[in-house]
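Engineer: After the structure tokens below, expect a handful of questions from me.
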Amino acid sequence: MGSDSVGTGPMLTPVRVADFVLDAIAARIGAVEPEQGGALLGLPGLDYVTEFIHDAGAATTGTRYQNTDALIGAIGAREAATAARFKGIVHSHPRAMPVPSGQDQSEYAESLRLNPQLARYLAPIVTHDVDTPLAGHEVRLGPARISFYGSSRAPGGMTLTPLRPVVVPVTRMLRRAGVRPAGDPAAIEVEGTTLLATHAELPGIGPATLLFGADFPATAPIVLPERGGPLALTWDLGAPAVERLAGTRGRRRGRGSRCRCSPRARRCGSR
């Protein structure tokens, strides 16, 4: 495999993580004793995590997590049902071990070999340690912290680098606006573009599909009511991200385009 290294440059590459993914990791991994783990999926071609699959049946010890064949099957099923793609594995470590072990790094290298489509293998570590200040590659998950790393190919081996987590406030923004989505958003493909889609009952609008692009919350979601055309939203970039939907106003763009997609569908078209 050659020599491996851990990079620690001053400028950390960002990795976008949907808030509902962090909530799931906190509940399934951060709230229980190590070691636990699961798979991360997200938008293809981007360091953007939009799904977490808990490896509930894994045989684990306090110092060892090994993913199961069932998890591999679940990843394949999810990729077949949605536009999400495998991004890496998150797992927990004992307290005061917030870095990947040598064995972890060997497995990352093997995963990169088995997944040539991955430019970067995402490898966060969860630890029950919130007493020390968070570093730039970390975020708190209730009683635990998650330290983000990414593994990529390098001449003679691989490089492991810390990554800066950017939390995307999808469900927090919806809840602040009084919207209760039918479920966590899922990745779908719309005319060659991958978006996150969810269904919800919107105050004053009724049932609608919401589509979030990769650059949300810098740009507004697309709102497609069941009746009528899509809504054009005002979007105040001066407001906190979680407040933008609550403070927006919408107007009809027209009645000729309507999406009949489901978050379970991989592709969607206008008709």
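The values are calculated or read from the model by the stated rules, or taken from the named source; none is laboratory data. Note that the structure is predicted; figures quoted are calculated from it, not measured. Positions of Cβ are generated from backbone atoms using ideal geometry, with glycine treated the same way; all protein chains shown enter the neighbour counts. Please note that ligands, DNA and RNA were not included when accessible areas were found on the heavy atoms of the full protein model with its side chains. Shrake-Rupley method; radii C 1.70, N 1.55, O 1.52, S 1.80 Å.
Engineer: With each pseudo-label sitting 7 Å past Cα toward Cβ, what's the Ala232-Val99 distance in nm, one decimal?
Structural biologist: 5.3
Engineer: Where nothing but the Cβ of Lys and Arg (+1) and of Asp and Glu (-1) is charged, how large is the charge dipole of the chain around its Cα centre, in debye to the nearest 20? Before the final figure, lay out each step's value.
Structural biologist: On the way: 30 positive and 24 negative charges, 295 e Å.
For the chain, the charge dipole is close to 1420 debye.
Engineer: If I build a Gaussian network model for the chain, linking alpha-carbon pairs within less than 10 angstrom, which residue out of Pro94, Pro116, Pro124 has the largest mean-square fluctuation?
Structural biologist: Result: Pro116 has the largest fluctuation of those listed.
Engineer: Give me the percent of accessible area attributable to carbon and sulfur for the chain, probe 1.4 angstrom. Write down the numbers at each step before the final one.
Structural biologist: On the way: 6710 of 12710 Å².
For the chain, the apolar C and S fraction of the accessible surface comes to 53 percent.
Engineer: Next question. Excluding ligands, DNA and RNA, what is the solvent-accessible area per residue of the chain at a probe of 1.4 Å, expressed in Å²? Kindly include the intermediate steps, with their values, before the conclusion.
Structural biologist: Working: 12710 Å² over 271 residues.
That works out to 47 Å² per residue.
Engineer: Same structure again: Under the rule of at least 5 residues apart or a separate chain, name every residue whose amide H is placed under 5 Å from the amide H of Asp129.
Structural biologist: So Asp129 has HN proximity to Arg145.
Engineer: Summing +1 for each Lys or Arg and -1 for each Asp or Glu, what net charge is found among the other residues whose Cβ lies under 11 Å from the Cβ of Ile125? Write down the numbers at each step before the final one.
Structural biologist: Numbers: positive: Arg145; negative: Glu35, Asp104, Asp129, Glu138.
Overall, the nearby charge balance is -3.
Engineer: A further question on this structure: Which distance in Å, rounded to a whole number, links the C-alpha centroids of the stretch 125-199 and the stretch 71-95?
Structural biologist: 13
Engineer: How large is ³J(HN,Hα) for each residue in the stretch 12-26, as worked out from phi by the Karplus curve 6.51 cos²θ - 1.76 cosθ + 1.60 (θ = phi - 60°), to whole Hz, x for Gly and Pro?
Structural biologist: My calculation for the stretch 12-26 gives 8, 5, x, 10, 8, 9, 5, 4, 5, 5, 4, 4, 5, 5, 4 Hz in order.
Engineer: What is the chain's relative contact order, in percent, from Cα pairs under 8 angstrom and six or more apart in sequence?
Structural biologist: Details: 610 pairs, mean separation 48.4, N = 271.
With pairs under 8 Å counted, the relative contact order is 18 percent.
Engineer: Could you tell me what percent of the DSSP beta bridges with both partners in the chain are antiparallel, to the nearest 5?
Structural biologist: Numbers: 50 of 65 bridges.
DSSP beta bridges in the chain are roughly 75 percent antiparallel.
Engineer: Can you show me the helix-derived [θ] at 222 nm for the chain, built from DSSP H runs with n ≥ 4 at -39,500 (n - 2.57) apiece and divided by the number of residues, rounded to the nearest 500. Could the numbers behind the result be given before it?
Structural biologist: Numbers: 4 runs with 40 residues, N = 271.
So the helix-based figure for the chain works out to -4500 deg cm²/dmol.
Engineer: Of (1) -0.35, -0.44, -0.65, -1.33; (2) -0.45, -0.56, -0.77, -1.22; (3) -0.41, -0.52, -0.76, -1.34, which is the value of log10 I(q)/I(0) by the Debye sum over Cα atoms at q = 0.08, 0.09, 0.11, 0.17 Å⁻¹ derived from the coordinates here?
Structural biologist: After the calculation, the listed value that fits is (1).
Engineer: Nearest 10 degrees is fine. How inclined is helix 102-114 to the longest principal axis of the chain, computing both from alpha carbons?
Structural biologist: Roughly 50 degrees, rounded to the nearest 10.
Engineer: Find out how many positive minus negative residues lie around Ala177, taking Lys and Arg as positive, Asp and Glu as negative, among other residues whose Cβ is under 9 Å from that of Ala177. Before the final figure, lay out the partial values.
Structural biologist: Details: positive: Arg175, Arg176, Arg244; negative: Glu243.
Summing Lys and Arg as +1 and Asp and Glu as -1 gives +2.
Engineer: Another one. Report the relative contact order of the stretch 202-253, percent, no decimals, based on alpha-carbon pairs under 8 angstrom and at least 6 residues apart. Could you put the intermediate results ahead of the total?
Structural biologist: Details: 68 pairs, mean separation 14.4, N = 52.
After rounding, I find 28 percent.
Engineer: If you take the charge dipole of the chain about its Cα centre, with +1 on Lys and Arg Cβ and -1 on Asp and Glu Cβ, which of Pro116, Val130, Ala177 is farthest toward its positive end?
Structural biologist: In the chain, that residue is Ala177.
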